[in-house]
Amino acid sequence: MIKINYIKNKLIFENQEYTFEYPIQVLREDEDKNYVYVLLDIPAKQEYTFDDFHNVYAFSYNGERKWQIGKRPIGDNDIYTLINVKEGTLYATDFSGRKYKVCEENGIPEKMEIVK
């Protein structure tokens, strides 16, 4: 198994590092798919960018960035605050309590439910 760590805003693989603008809040692994999912901790500020609202990323175990989460089909423009992998499926929940099932192949949120 490949060892993956993070310190503040650096994602550390065996042979390389990936640096983000903001600290890593959560790191989840899906060993079956050999993916690492990263949720960034976006600070409160007056104006947010596309990257702020799409603060979930996927990497392969060898450190290749696969995708940044895409535009939501419903309810865009809110920061993600939680990610989980359950039974091989990635779920991302935003600040408004909308939980999205995320396609692991391309990072597009596919369906949504309210969890708050």
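Which of the aspartates and glutamates could a cross-linker bridge to LYS8, judged by Cα under 13 Å and excluding same-chain residues fewer than eight apart?
Those aspartates and glutamates meeting the cut-off are GLU17, GLU21, ASP41.
For LYS33, LYS3, give the ranking by accessible area with the largest first, probe 1.4 Å.
If we order LYS33, LYS3 from most to least accessible, we get LYS3, LYS33.
With an 8 Å cut-off on Cα pairs and a minimum separation of 6 or more residues, tell me the relative contact order of the stretch 1-67 in percent.
Computed value for the stretch 1-67: 25 percent relative contact order.
Just the accessible area per residue of the chain, please: how many Å² with a 1.4 Å probe?
Roughly 58 Å² per residue, with all protein chains present.
Please identify which residues in the stretch 57-98 have an amide N closer than 19 Å to a label point set 7 Å out from the Cα of ASN106, following the Cα→Cβ vector.
57-60, 65-76, 89-92
Can you pull the percent of the chain's accessible area that's carbon plus sulfur, 1.4 Å probe, other chains left in place?
Exposed carbon and sulfur together represent 46 percent of the surface.
Sorting GLU104, GLU47 by accessible area (1.4 Å probe), largest first, what list results?
In descending accessible area the options line up as GLU47, GLU104.
Can you give me the convex hull volume of the Cα atoms of the chain, divided per residue and expressed in Å³?
It comes to 96 Å³ per residue, whole-number rounded.
Name the residues whose placed amide hydrogens come within less than 5 Å of the amide hydrogen of LYS66, ignoring near sequence neighbours (fewer than 5 apart) on the same chain.
Under 5 Å from the amide H of LYS66: ALA58, PHE59, SER60.
If you scale each eigenvalue of the Cα gyration tensor by 5 and take the root, what three semi-axes come out for the stretch 51-92, rounded to whole angstrom and sorted largest first?
Semi-axes (√(5λ), whole Å): 19, 14, 9.
The values are calculated or read from the model by the stated rules, or taken from the named source; none is laboratory data. This structure is a prediction, so every number in the text was calculated from the model and none was measured. Virtual Cβ from ideal backbone geometry, glycine too; neighbours counted across all protein chains shown. Note: accessible area is taken over every heavy atom of the protein model, side chains too, but ligands, DNA and RNA are not part of it. Shrake-Rupley method; radii C 1.70, N 1.55, O 1.52, S 1.80 Å.
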